[in-house]
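A.B. asks: Would you mind keeping the following structure in view while I ask a few things?
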2 protein chains.
Amino acid sequence: MKRSMIKELINTPTINETVTVKGWVRTKRGNKAVSFIAINDGSSIHNIQVVADLEKFSSSLISSITTGAAIGVTGLLVTSQGAGQSVEVQAQEIEVYGTCDPNTYPLQKKGHSLEFLREIAYLRPRTNTFGAILRIRHNMAFAIHNFFHQKGYYYIHTPIITSSDAEGAGQMFRVTTLDLEKLPKNKEGNVDYKKDFFGKPTSLTVSGQLEGELAALALGGIYTFGPTFRAENSNTPRHLAEFWMIEPEVAFFDINDNMDLAEEFTKYCVQWALDHCRDDLNFLAEHYDKELISRLEFVLAHNYERITYTQGIEILETAIKEGKKFEFPVYWGADLSSEHERYLVEQHFQKPVIMTDYPKEIKAFYMKQNEDGKTVRGMDILFPFIGEIIGGSEREADYEKLLSHATKMGIPEKDIWWYLDTRRYGTVPHAGFGLGFERLLLFVTGMSNIRDVIPFPRTPNNAEF
Amino acid sequence: MKRSMIKELINTPTINETVTVKGWVRTKRGNKAVSFIAINDGSSIHNIQVVADLEKFSSSLISSITTGAAIGVTGLLVTSQGAGQSVEVQAQEIEVYGTCDPNTYPLQKKGHSLEFLREIAYLRPRTNTFGAILRIRHNMAFAIHNFFHQKGYYYIHTPIITSSDAEGAGQMFRVTTLDLEKLPKNKEGNVDYKKDFFGKPTSLTVSGQLEGELAALALGGIYTFGPTFRAENSNTPRHLAEFWMIEPEVAFFDINDNMDLAEEFTKYCVQWALDHCRDDLNFLAEHYDKELISRLEFVLAHNYERITYTQGIEILETAIKEGKKFEFPVYWGADLSSEHERYLVEQHFQKPVIMTDYPKEIKAFYMKQNEDGKTVRGMDILFPFIGEIIGGSEREADYEKLLSHATKMGIPEKDIWWYLDTRRYGTVPHAGFGLGFERLLLFVTGMSNIRDVIPFPRTPNNAEF
């Protein structure tokens, strides 16, 4: 018998036909005549109910079917009389592939805390919550590839191991093949990196942007989608040491093109989730976040408000005068906190906001400088619930300005000569942005801890599984 | 003027309409009356020819247009009278975005060697060859996501930083935040990894398979597509220290399902390349590998021959008796070399081959053991030109057998208890395989050095850009 997936049986049921389903037991209940076994195969948040007439099956078989056991069932698909499901399978044959000891299986009962599930991250994909999150995660990744492919942009794999530290985005992890118990030393008594695998110190990348620009300035439009790393010792619900980033970069784009792209892109992802993950979103909305669906619809319902940083500061200062309290101070030159960002989005404009033209001191060296000498053509997208979801900019295309700004910010020319060369040889206006994949997933799933939207979170003192 | 991409203008020309194209100058030639400027924008291997009437433009503007310069041109799209192109643009306006000093630009002339281009990997996407390769690379990645998405399999991000060394697939890179110049020591005088970021030694992953299995045994079917790392000191055209792997894993699959999936998958990728990358393939065929297209068609034309390892050895031994010479010896128990694999594919069967049931000693601990006690349910797909392109297996689903095999191979239970747990709790038959992305690209592009199919190759003593 060809196996059917539960998703198909529920969505397009072939009533009164014999079907075979295979999956893991979620619950079993019943009476002396019949067992009701709910199984799930990962294709859907929904289980299918198997009805086993106890006269047909040995009691040892039935008793071996416990939560977590893997079984295959062949039987008639019929309309269910019970509440809670539309169809069910009347079992004719049951095969037990793998039992599951009820005395030791960690996922016995329902309603484990998210904290407990983090400790058994290797098993949590078997829960409804993480099944839903991982299906949404897959769908968001697929939507992202689809979006850029349709635009004609090319997916570029920028390097993970890098000898460059030019982005300056944060603390880096060292990568080495040296034996730490017997480090080779040079004449000066320092570690002799000439003996390391790459002949020099190397680290894990914090961003693929600089290499992405190299590709965009040849191929026109590109995007990266890969892991990035920050060795910050931050034990917060917002930080991961290893996370995935999407970084599009487009030649001949100015900041307005970039804003258009980012708005279209984020709306495409949210629309995709509503179109393709509705059951999973409904489950998460019901169990974790009643506002989830309306928040997703809110993003689609509005043109994002486009304001400058200076305008944003003025609005916040006015709000403070009128009695609004913030934890962190507001002044021109300050790096805004998510409380400020969320105020602008949720209270003031009641729309997503794109903020542009930030003070150059709080942004990276590669952003295009405005003629005012004070601001750069950065752009952040601010969302409800999470604040900044995207950061980007038009890039400085002028060689002299870029070199001068890099030097002022302490980045030596010898580290970025190859990047600077793109401005010497056929430079063009171009722009791009970065989206933290897990940041997007926090927004789309409504989860509040970033460790719950990645299969195997890496955080200080945690690299399990 | 809305910008048009060159690919569109060539494929669906809007003759006698005014268009704007932007890109980089590949060549300029001409006479006293007119300049012919070939520009490329990355959307296609093809350039578009711009015809500039010298009466309309200043000589300083025209002389600033050199190879590598970035320009934008607005003009009438007309049918070309010249050989070599179907359409051209009669320039009305030309804007030079960035000049390109002919005295220092490294990509002046045509026909640079691949070795030279590797040294300037940051610029090589601007060449025809690497434009073609990177467009194909994008298309193969997109085809892979499409294939698995249509199957209902979920993309899983397995961890990059790992504290597990269970796969045993090769030398690993250490990841650390310890200051190598001032390593903390414990009481025994060894490195104190408790002070490291993760509180223990960590490395870069060599495979996502084990974590992929965890997800497959909950979600049904999954695939990974991420970077993997081997710190082997191999300076060969086949080895990279950093490369990308695709690893599908499917619950309730046996080895035959796995072979069907792998055959369908590889054919899907090859068909996608022929359907979507024809111009780039033709370019590579013309310049590097005349057999390229026919080799791709060869894969599609045949059902892959399915043989056991034992049958393969017999065929090779017979061939040797009949006078065939191999560099490496052939005997039952030997790990086959690509010369053997290619003989079976290219000479003997003249079809791609799937070889199964390998001696257990030469395969990994997680492969399902056959009842003969000698072989395991591994499966490799052998292709013309490159030999093994895919390696996979049905996995050992039995807890006791898996534990016993792991122990015999020196893998301590404490390192893989979480993996073993999947066989204690609801174990099911399952299978999967791994495809090295760059291996696929070597086959599809016909390139012979793996450093030429990844944007920024990492090899011993090379982590540039």
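The values are calculated or read from the model by the stated rules, or taken from the named source; none is laboratory data. Just so we're clear, the structure is a prediction, and the values are computed from it rather than from any experiment. Note that each Cβ is placed from the backbone with ideal geometry, even for glycine, and that neighbours are counted across all protein chains shown. Ligands, DNA and RNA are stripped out before the accessible areas are found, and what is left, the full protein with its side chains, is counted by its heavy atoms. Shrake-Rupley method; radii C 1.70, N 1.55, O 1.52, S 1.80 Å.
A.B. asks: Name every residue in the range B:328-345 that is closer than 18 Å to B:I381 by Cβ and either part of a loop (DSSP other than H, G, I, E, B) or not assigned by the TED database to the domain that holds B:K401 (or both), in order of residue number.
C.D. replies: B:D335, B:L336, B:S337
A.B. asks: Answer yes or no as to whether A:K290 is out of contact with any strand residue (DSSP E or B) (no Cβ under 7 Å at 6 or more places or on another chain) and farther than 18 Å from A:F383 by Cα.
C.D. replies: No.
A.B. asks: I'm told B:Y97 meets every condition in (1) closer than 19 Å to B:P125 by Cβ; (2) of a type in the set (S, T, Y); (3) in a helix (DSSP H, G or I) except one. Can you identify the failing condition by its number?
C.D. replies: (3)
A.B. asks: Another question, if that's okay. Determine whether the range A:170-193 contains at least one residue that is within 23 Å of A:L420 (Cα to Cα), facing chain B (nearest Cβ under 8 Å) and open to solvent by less than 40 Å² (accessible area, probe 1.4 Å).
C.D. replies: no
A.B. asks: Sticking with this structure for a sec: Pick from B:I136, B:I71: which is more than 7 Å from chain A (Cβ to nearest Cβ) and in contact with a Cys (Cβ under 6 Å, 6 or more places away or on another chain)?
C.D. replies: The unique qualifying residue is B:I136.
A.B. asks: Only residues that are charged (D, E, K, R) and more than 21 Å from B:Q350 (Cα to Cα): list them for the range B:269-301, please.
C.D. replies: Within the range B:269-301, B:D275, B:R278, B:D279, B:D280, B:E286 qualify.
A.B. asks: Going through the range B:25-46 one residue at a time, which ones are open to solvent by less than 30 Å² (accessible area, probe 1.4 Å) and assigned to a loop (DSSP other than H, G, I, E, B)?
C.D. replies: Once the filter is applied, which keeps residues that are open to solvent by less than 30 Å² (accessible area, probe 1.4 Å) and assigned to a loop (DSSP other than H, G, I, E, B), the range B:25-46 yields B:D41, B:G42, B:S43, B:S44, B:I45.
A.B. asks: State all residues of the range A:413-465 that are charged (D, E, K, R) and out of contact with any Lys or Arg (no Cβ under 8 Å at 6 or more places or on another chain); if no residue qualifies, say none.
C.D. replies: Listed by number, the residues that qualify are A:E413, A:K414, A:D415, A:D421, A:R423, A:R424, A:E438, A:R439, A:R458, A:E464.
A.B. asks: For the range A:100-118, indicate whether the set of residues that are over 29 Å from A:E438 (Cβ atoms), open to solvent by 30 Å² or more (accessible area, probe 1.4 Å), in contact with a strand residue (DSSP E or B) (Cβ under 6 Å, 6 or more places away or on another chain) and of a type outside the set (G, A, S) is non-empty.
C.D. replies: no
A.B. asks: Taking the residues in the range A:194-212 that are in contact (Cβ under 8 Å) with a residue 24 or more places away in the chain and assigned to a helix (DSSP H, G or I) as candidates, determine which candidate is farthest from the other protein chains (Cβ to nearest Cβ).
C.D. replies: Taking the candidates together, the pick is A:Q209.
A.B. asks: Same structure again: Out of the residues in the range A:79-99 meeting the condition of being among the polar types (S, T, N, Q) and open to solvent by less than 60 Å² (accessible area, probe 1.4 Å), tell me which one is nearest to the other protein chains (Cβ to nearest Cβ).
C.D. replies: Looking at the filtered set, the residue picked out is A:Q85.
A.B. asks: Is there a residue being within 28 Å of A:D101 (Cβ to Cβ) and in a loop (DSSP other than H, G, I, E, B) anywhere in the range A:9-24?
C.D. replies: no
A.B. asks: Of everything in the range A:143-156, what is part of a helix (DSSP H, G or I) and either free of Cβ contacts under 8 Å to residues at least 60 places away in the same chain or more than 7 Å from chain B (Cβ to nearest Cβ) (or both)? Give them in sequence order.
C.D. replies: Correct list: A:A143, A:I144, A:N146, A:F147, A:F148, A:H149, A:Q150, A:K151.
A.B. asks: Which residues, counting only those in the range B:119-129, are crowded, with 21+ Cβ neighbours inside 10 Å, in contact (Cβ under 8 Å) with a residue 40 or more places away in the chain and more than 7 Å from every other protein chain (Cβ to nearest Cβ)?
C.D. replies: The answer is B:A121, B:T129.
A.B. asks: Taking the options B:P106, B:P159, name whichever one is outside any helix (DSSP H, G or I) and more than 30 Å from B:I65 (Cβ to Cβ).
C.D. replies: From the options B:P106, B:P159, the qualifying one is B:P159.
A.B. asks: Which of the residues spanning the range A:47-71 are open to solvent by less than 10 Å² (accessible area, probe 1.4 Å) and over 32 Å from the mean Cα position of the chain (by Cα)?
C.D. replies: A:V50, A:A52, A:I65, A:I71
A.B. asks: Say whether the condition of being among the acidic types (D, E) and either free of Cβ contacts under 8 Å to residues at least 60 places away in the same chain or not assigned by the TED database to the domain that holds A:M379 (or both) is met by at least one residue in the range A:287-296.
C.D. replies: No, the range A:287-296 contains no residue that is among the acidic types (D, E) and either free of Cβ contacts under 8 Å to residues at least 60 places away in the same chain or not assigned by the TED database to the domain that holds A:M379 (or both).
A.B. asks: Which one is farthest from B:A218 (Cα to Cα), of the residues in the range B:414-423 that are more than 7 Å from chain A (Cβ to nearest Cβ) and in contact (Cβ under 8 Å) with a residue 12 or more places away in the chain?
C.D. replies: Restricting to residues being more than 7 Å from chain A (Cβ to nearest Cβ) and in contact (Cβ under 8 Å) with a residue 12 or more places away in the chain, the top hit is B:D415.
A.B. asks: Within the range A:90-99, is even one residue in the same structural domain as A:T20 (by the TED database), in contact (Cβ under 8 Å) with a residue 24 or more places away in the chain and touching a Leu at 6+ places or on another chain (Cβ under 6 Å)?
C.D. replies: yes
A.B. asks: Output the residues belonging to the range A:1-20 that are touching a Ser or Thr at 6+ places or on another chain (Cβ under 6 Å) and buried (at least 18 other Cβ atoms within 10 Å of the Cβ).
C.D. replies: Result: A:M5, A:I6, A:K7, A:V19.
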